[in-house]
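Heads up: the structure comes next, in structure tokens.
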Ligand code: AMP
């Protein structure tokens, strides 16, 4: 049966990295609001232009904008067949309410909300050392998960770059936004009995083992 998951956790907790491994192993439909917004910016759309000013300041894009993007993804046949992995959504209590409504309307249910737990010190190190590939979804880190050839992706050879919101100043803003607006979701999902906490402090492979165990995945 297709499983539906949400990944929450501070920026830099490893949501994107764990999502990449989950997709390779279990093929859920990956819905990353950050990736969807970056694609809009790249395409030069009006939505992208509006979103960019929020993103560059480390602030959240308005709830209704992201909720609309997620709802469109939930309507695909692939979601029913393969399940979904929501990465970086919901990030506010309002978004969680909108998501509850969207799931109920589509008779979809959540199997687990995964909270990736990492200390603040490590998060700041990870964020400022993060590098993404221009050609594929691979994520590297120049401190802990370096590419074999500097500046080049191991998988596709694409150029690696740093996200414009991964500077120390913006990363600190994003952490405050997480504490104020996203962390209240932890209690909400705990109450619903779907929260699963995963130690994500270690190297990528070890964190993935923790994640699979927590979700009872083979
Ligand atoms: P991420 O790639 O998940 O770290 O997201 C990068 C940025 O995109 C965030 O700092 C926000 O500005 C914006 N963003 C991503 N997801 C959301 C969301 N669910 N709600 C509001 N803004 C979001």
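Tabulated values for the structure
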item: Residue in the range 136-156 that is surrounded by 14 or more Cβ atoms within 10 Å (Cβ to Cβ), under 17 Å from residue 37 (Cβ atoms) and touching a residue at least 24 places away in the same chain (Cβ under 8 Å) present; result: yes
item: Residues of the range 94-114 that turn out to be within 15 Å of the ligand (Cβ to nearest atom), in contact (Cβ under 8 Å) with a residue 12 or more places away in the chain and either within 25 Å of residue 24 (Cα to Cα) or surrounded by fewer than 15 Cβ atoms within 10 Å (Cβ to Cβ) (or both), as a count; result: 3
item: Filter result (touching a helix residue (DSSP H, G or I) at 6+ places or on another chain (Cβ under 6 Å) and away from the ligand (no atom under 11 Å from the Cβ)) within the range 20-36; result: 21, 27, 28, 29, 30
item: Answer residue from the range 168-192, given it is touching a strand residue (DSSP E or B) at 6+ places or on another chain (Cβ under 8 Å) and within 18 Å of residue 118 (Cα to Cα) and is surrounded by the most Cβ atoms within 10 Å (Cβ to Cβ) among those; result: 182
item: Positions within the range 67-92 being surrounded by 15 or more Cβ atoms within 10 Å (Cβ to Cβ) and within 12 Å of the ligand (Cβ to nearest atom), in sequence order; result: 67, 69, 70, 86, 87, 88, 89, 90, 91, 92
item: Hits in the range 1-19 (condition: over 15 Å from residue 214 (Cα atoms) and surrounded by fewer than 19 Cβ atoms within 10 Å (Cβ to Cβ)); result: 1, 2
item: Lone qualifier among 43, 39 - being without any contact (Cβ under 8 Å) to a residue 60 or more places away in the chain and within 13 Å of the ligand (Cβ to nearest atom); result: 39
item: Exclusive hit being in contact with a helix residue (DSSP H, G or I) (Cβ under 6 Å, 6 or more places away or on another chain), within 25 Å of residue 212 (Cβ to Cβ) and either surrounded by 12 or more Cβ atoms within 10 Å (Cβ to Cβ) or in contact (Cβ under 8 Å) with a residue 60 or more places away in the chain (or both), set 132, 195; result: 195
item: Residue 59 being more than 15 Å from the chain's Cα centre (by Cα), over 30 Å from residue 216 (Cβ atoms) and not in a helix (DSSP H, G or I); result: yes
item: Near pairs, Cβ below 7 angstrom, 6+ apart or cross-chain, from the range 68-91 (in a loop (DSSP other than H, G, I, E, B)) to any residue that is at pLDDT below 95 and away from the ligand (no atom under 16 Å from the Cβ); result: 83/2
item: Residue within the range 9-19 that is in a helix (DSSP H, G or I), out of contact with any helix residue (DSSP H, G or I) (no Cβ under 8 Å at 6 or more places or on another chain) and farther than 22 Å from residue 126 by Cα present; result: no
item: Boolean, residue 109 is in contact with a helix residue (DSSP H, G or I) (Cβ under 8 Å, 6 or more places away or on another chain), on the phi < 0 side of the Ramachandran plot and either part of a loop (DSSP other than H, G, I, E, B) or at pLDDT 95 or above (or both); result: yes
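A quick yes/no check of all residues on (1) at pLDDT below 95; (2) farther than 16 Å from residue 16 by Cα:
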position: 145; (1), (2): yes, no
position: 169; (1), (2): yes, yes
position: 180; (1), (2): no, yes
position: 184; (1), (2): no, yes
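The values are calculated or read from the model by the stated rules, or taken from the named source; none is laboratory data. The model shown is predicted, which means the values in this text are computed figures rather than measured ones. Positions of Cβ are generated from backbone atoms using ideal geometry, with glycine treated the same way; all protein chains shown enter the neighbour counts.
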